[in-house]
Amino acid sequence: MTNTSYKLENPSGQDGDEGPPGPDDRERAVLVGLDSTSLSGWDIEESMDELAHLVDTAGGQVVARIVQRKQRPDPAHYVGEGKAREIEMMRQATGADLVVFDEELSPAQQRNLEEIVKSRVIDRTQLILDIFAQRAASAEGKLQVELAQLQYWLPRLAGRGTELSRLGGGIGTRGPGETRLEVDRRTIRSRIAAIKRQLDEVRERRSVQRRRRRNADLPVVALVGYTNAGKSSLLNAMTGAGVLVEDRLFATLDPTTRRYTLPDGQVLLLTDTVGFIQKLPHQLVLAFRATLEELLEADVLLHVVDASHPKAPEHCAAVFGVLGEIGAEEHTTITVLNKRDIVESAAMIDRLQHSYPLSVAVSAIAGEGLSDLARMISDQLASRRERIEVVLPFNHPALSLIRKRGKVVSEEYRDDGVAIVADVDRAVAGQVRKARQSNQ
């Protein structure tokens with residue numbers, strides 16, 4: 001069995017304690033991965049570590065890992081029938097409740113595995129969908145998750161009626177769509193069509209909101225990045241938004257938008273978005289398109305990276321892969337190298353800055369580097385600014401607006417008022433012009 005590695009985890013979380021989990025009633029999971037050059041090319045250990053983090057986020061605990069080195073997945077059982085029987089022996093030995101595979105399984109593979117492994121068998125996609133189902137808070141978020149779940153389950157329903165009727169909850173079975181899994185395919189297709197219509201309405205509402213923002217002429221800066229990179233912490237540090245911050249994957253699903261004023265007086269809208277992950281299920285990219293379209297309308301993207309993570313370059317590649325999938329890869333993007341205060345080696349920062357020249361190192365928690373980031377945003381938004389030369393009465397309210405939100409080049413007091421030259425955002429320039437016209 002030299003082509004397979006086995007690793008028992010400590011279910012109690014205490015060093016040296018290999019006994020039963022005691023009062024810990026979390027579901028126990030065996031992880032299974034395939035080390036194969038025919039798959040995604042991700043480092044298998046990194047991928048399995050992330051899978052374990054996903055299980056923890058879903059509320060479970062990992063009791064064992066199995067990694068098989070195999071040229072390509074077995075079409076019937078993914079790991080082969082013999083290996084599947086070894087997995088069942090490991091599951092029994094550890095008392096696991098479910099088996100989680102690191103890649104998406106075909107409907108046939110999942111059915112065949114469950115015939116041998118006498119427990120629930122789920123894959124990475126189903127696990128991520130389960131986490132999204134737990135995290136979705138808004139009506140829109142719940143609709144998006146339900147759509148992704150139904151699209152995932154539709155091809156898997158054949159021959160599963162009795163199994164679905166026995167589902168008693170747990171990881172991989174939760175979410176807005178779970179009660180619909182026992183109905184026939186025609187009803188599910190109708191529900192999918194209905195959700196898509198509702199999400200089309202959401203997209204239209206978002207489009208109207210974006211047009212209003214454009215009419216107000218406020219620039220939009222969107223935060224993107226690998227999940228748990230610190231986007232919400234950065235939003236809080238810059239705006240005091242008070243957004244939930246947890247050491248959990250996908251802690252924030254629904255976008256949050258706050259106003260932010262740059263040091264030069266420029267006012268903008270700063271938007272947080274859902275985090276990305278390697279092997280992000282295609283169903284989720286499609287379902288969350290209404291949310292991700294916020295990125296397409298942004299003037300600047302802030303790509304937040306956990307620079308302390310040893311796999312930060314791979315995380316960057318995963319994010320740009322999703323940006324390419326939604327057509328946002330050409331947007332002006334500032335790479336924000338977060339958590340610089342806990343980076344063990346400056347070499348990682350140097351490596352990332354070499355790969356992404358338009359970048360800045362910060363610490364959202366410590367508040368370090370935020371002024372440098374603000375200046376970089378200002379520089380990228382400079383094309384939105386224009387120079388105005390106006391003469392205004394001494395007590396005109398537009399004077400304070402220009403001084404507060406613009407950069408004054410010169411200011412001269414004359415008999416007929418204040419002659420001021422300033423570089424301002426187009427929104428301010430428009431307001432000044434309207435104010436002048438109303439006074440004429």
Worksheet item: If only one of GLN61, GLN71 is farther than 30 Å from ARG186 by Cβ and part of a loop (DSSP other than H, G, I, E, B), which one is it?
Response: GLN71
Worksheet item: Can you name every residue in the range 341-355 that is within 24 Å of LEU235 (Cβ to Cβ) and either in contact (Cβ under 8 Å) with a residue 40 or more places away in the chain or open to solvent by less than 90 Å² (accessible area, probe 1.4 Å) (or both)?
Response: ASP341, VAL343, MET348, ILE349, LEU352, GLN353
Worksheet entry | Single residue of the range 422-436 satisfying the filter (in a strand (DSSP E or B) and at pLDDT below 90) that is most open to solvent (accessible area, probe 1.4 Å) | ASP423
Discussion item. Condition check: open to solvent by 30 Å² or more (accessible area, probe 1.4 Å), in a helix (DSSP H, G or I), touching a helix residue (DSSP H, G or I) at 6+ places or on another chain (Cβ under 9 Å) and within 22 Å of LYS196 (Cβ to Cβ). Does GLU114 satisfy that?
Written reply: no
Worksheet item: Looking at (1) modelled with pLDDT under 90; (2) in a loop (DSSP other than H, G, I, E, B), which is the one condition that is false for SER47?
Response: (2)
Worksheet entry | Selection count where residues are free of Cβ contacts under 8 Å to residues at least 12 places away in the same chain and assigned to a loop (DSSP other than H, G, I, E, B), scope the range 311-340 | 2
Worksheet item: Given the conditions (1) farther than 22 Å from VAL220 by Cβ; (2) open to solvent by 20 Å² or more (accessible area, probe 1.4 Å); (3) within 46 Å of the chain's Cα centre (by Cα), and given that GLU411 satisfies all but one, which numbered condition is not satisfied?
Response: (3)
Response to the item:
Every listed condition ((1) at pLDDT 90 or above; (2) touching a Pro at 6+ places or on another chain (Cβ under 8 Å); (3) buried (at least 17 other Cβ atoms within 10 Å of the Cβ)) holds for SER371 save (3)
Item to complete: Within the range 242-292, count every residue that is modelled with pLDDT of 70 or more and in contact with a Phe, Trp or Tyr (Cβ under 8 Å, 6 or more places away or on another chain).
Response: 13
Discussion item. Taking the criterion of being at pLDDT below 80, part of a loop (DSSP other than H, G, I, E, B) and over 30 Å from LEU31 (Cβ atoms), would at least one residue in the range 198-211 satisfy it?
Written reply: no
Worksheet item: Does ARG85 satisfy the criteria of being under 16 Å from ASN3 (Cβ atoms), touching a helix residue (DSSP H, G or I) at 6+ places or on another chain (Cβ under 7 Å) and of a type in the set (D, E, K, R)?
Response: yes
Item to complete: Taking SER40 as the residue in question, decide whether it is in contact with a strand residue (DSSP E or B) (Cβ under 9 Å, 6 or more places away or on another chain), closer than 15 Å to LYS311 by Cβ and at pLDDT below 90.
Response: no
Worksheet item: Being open to solvent by less than 60 Å² (accessible area, probe 1.4 Å), farther than 30 Å from MET348 by Cβ, within 36 Å of the chain's Cα centre (by Cα) and not hydrophobic (A, V, I, L, M, F, W, C), is that true of even one residue in the range 388-403?
Response: no
Worksheet item: Within the range 76-104, can you find the residues that are in a loop (DSSP other than H, G, I, E, B) and in contact (Cβ under 8 Å) with a residue 40 or more places away in the chain?
Response: VAL79, GLY95, ALA96, ASP97, ASP102, GLU103, GLU104
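The values are calculated or read from the model by the stated rules, or taken from the named source; none is laboratory data. Source: prediction; values computed, not measured. For neighbour counting, all protein chains shown are included, and Cβ atoms are generated from backbone atoms with ideal geometry for every residue, glycine included. Only protein heavy atoms, including side chains, enter the accessible area calculation; ligands, DNA and RNA are left aside. Shrake-Rupley method; radii C 1.70, N 1.55, O 1.52, S 1.80 Å.
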